């Protein structure tokens with residue numbers, strides 16, 4: 001099967017018997033072309049299914065109107081909301097996003113960076129596969145030359161020179177701990193389901209949690225580290241329930257982790273409202289099904305739009321110092 005040839009400005013020019021300069025002007029600066037000429041060119045462009053080559057246009061103008069977005073968690077509802085906000089904010093400023101999902105794989109992340117640099121995107125918004133201090137990907141030097149602006153979103157790379165948008169994880173841990181103690185005055189056993197043990201996000205949330213619980217030494221805290229997906233927390237909770245009775249409270253360090261715990265409780269026929277549960281960030285559609293789980297929620301839309309604005313700031317002033325936006329969390333359903 002032969003691949004359909006892309007229609008070019010030259011093809012349109014031949015059909016309408018005009019110069020390529022006139023056709024290009026009609027497609028890019030229609031106000032500079034006579035109405036009758038413009039109508040004829042647009043009619044033929046539609047007939048030929050002409051699609052503008054944004055990449056080639058960017059090369060010609062020595063600029064790009066594409067923002068690259070690299071994420072490891074496209075299946076995470078919180079990230080989906082951030083990506084939607086990134087797309088909206090980019091459109092308002094005349095940009096289109098090019099999204100790459102790395103599926104939590106370092107190799108795919110490195111290839112994604114090379115691909116976006118090859119497309120000469122205007123800038124990159126990056127949520128890396130890991131925020132552990134030991135994670136120093138091989139593409140750092142390629143991005144660190146400053147030619148392509150980079151903004152880190154949620155997860156950051158230790159000691160990197162890029163601007164970033166992060167959540168206030170420490171105070172989110174504090175808020176969650178206060179809620180658990182307020183809801184369960186006799187709290188004795190707490191199961192905490194986290195992301196990777198050395199993840200900066202995990203460490204900060206645990207730090208806030210433990211700071212509050214230090215004043216309540218009678219509370220036994222069992223921490224189970226996994227990743228930021230559903231399955232590890234589901235299995236950890238199943239294992240816990242196989243050896244113990246239900247804890248007094250459970251805390252999940254993100255939406256998917258909390259959902260994993262709820263699934264395990266259901267497998268053991270333990271009603272979710274028979275113990276105190278608190279998560280980080282709201283469970284999508286939970287209220288619709290009558291499961292108003294308490295959480296410390298962060299504004300994902302604000303995080304996404306803030307990342308775009310930081311990137312645009314760097315495009316306007318490449319020498320602007322590294323900037324940081326912190327998104328605070330608020331207790332909901334508590």
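Remarks
- Only a single item in (1) out of contact with any strand residue (DSSP E or B) (no Cβ under 6 Å at 6 or more places or on another chain); (2) crowded, with 24+ Cβ neighbours inside 10 Å; (3) not assigned by TED's automatic domain parsing to the domain that holds residue 132 is not met by residue 250, and it is number (1).
- In the stretch 314-332, the residue that is nearest to residue 162 (Cα to Cα) out of those that are assigned to a loop (DSSP other than H, G, I, E, B) and over 21 Å from the mean Cα position of the chain (by Cα) is 321.
- Restricted to the stretch 13-50, and to residues there that are in contact (Cβ under 8 Å) with a residue 40 or more places away in the chain and surrounded by fewer than 17 Cβ atoms within 10 Å (Cβ to Cβ), the residue that is farthest from residue 94 (Cα to Cα) is 48.
- Total residues in the stretch 96-121 satisfying the condition of being touching a strand residue (DSSP E or B) at 6+ places or on another chain (Cβ under 6 Å) and touching a residue at least 40 places away in the same chain (Cβ under 8 Å): the figure is 4.
- Once the stretch 296-313 is narrowed to residues that are assigned to a strand (DSSP E or B) and touching a residue at least 60 places away in the same chain (Cβ under 8 Å), the residue that is surrounded by the most Cβ atoms within 10 Å (Cβ to Cβ) is 296.
- Filtering 172, 127, 163 for residues that are more than 26 Å from residue 312 (Cα to Cα) and either in contact with a helix residue (DSSP H, G or I) (Cβ under 6 Å, 6 or more places away or on another chain) or surrounded by 15 or more Cβ atoms within 10 Å (Cβ to Cβ) (or both) leaves a single hit, 172.
- The test for being over 21 Å from the mean Cα position of the chain (by Cα) and surrounded by 22 or more Cβ atoms within 10 Å (Cβ to Cβ) does not hold for residue 288.
- Filter result (buried (at least 19 other Cβ atoms within 10 Å of the Cβ) and touching a strand residue (DSSP E or B) at 6+ places or on another chain (Cβ under 8 Å)) within the stretch 233-247: 233, 236, 237, 240, 247
The values are calculated or read from the model by the stated rules, or taken from the named source; none is laboratory data. In this text the structure is predicted, and so the values were computed from the model without any measurement. Glycine also receives a Cβ, built like all others from the backbone with ideal geometry; neighbour counts cover every protein chain displayed.
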